[in-house]
Amino acid sequence: SLTDWLDGYLAQKLDQETILGKFLDPLGDKALVCCVGVPLALRGELPLALVALVVARDVGLVFGTRQALRKARSTTTYDPRFFLFGGMDPRAIGLDAAPSLISKLNTGLQFVLGGVVLARGGDVVSSYLPAVLAADATVDALCGGVVCTTLLSGADYFFNKRGVVANRAPP
């Protein structure tokens, strides 16, 4: 997650941001959370309901974005520069991949939770893990934080017309 943050920071500071990068970076975050969360849930180290909630929110965002692009495709001309988006500039129809503050907090909590649970499972790493992080109460608190921020960010995206599913005014 630190390299993900560094990549975004450098792209922004060096003026190297791209439309594709703005859409692929959140997808990479979702893939990482799924690749860590699902196996941990299947091993019983994370609540299955928590992982299902996170995955359901992410799947909803991806399909919501795809549906918005599909719906607008018939009214927009094809532009080969945006072939990965069905030939459309997502900004032309008001789609934006800018995450909200609550969504950034949600992703950060998911990364911390996954890291703490992974660290607790290994004999070598767990011996260096501070006792407060290894405590079940800490994991429970992180799980609660992830549930709250997942629900809030989902509501933010779907009901307050923010994020990738919202039709915003073109830039």
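The values are calculated or read from the model by the stated rules, or taken from the named source; none is laboratory data. Every value quoted in this text rests on a predicted model; they were computed, and no experiment measured them. For accessibility, only protein heavy atoms count, side chains too; no ligands or nucleic acids. Shrake-Rupley method; radii C 1.70, N 1.55, O 1.52, S 1.80 Å.
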Counting only residues in region 1-29 that are within 19 Å of GLN110 (Cα to Cα) and of a type in the set (A, V, I, L, M), the one modelled with the lowest pLDDT is identified as LEU2
Of all residues in region 116-127 being open to solvent by 40 Å² or more (accessible area, probe 1.4 Å) and at pLDDT 80 or above, which is nearest to VAL51 (Cα to Cα)? LEU118
Quick one: in region 30-51, of everything that is small (Gly, Ala, Ser) and under 17 Å from the mean Cα position of the chain (by Cα), which residue is modelled with the lowest pLDDT? ALA31
Those residues of region 9-51 which are aromatic (Phe, Trp, Tyr) and open to solvent by 50 Å² or more (accessible area, probe 1.4 Å) amount to TYR9
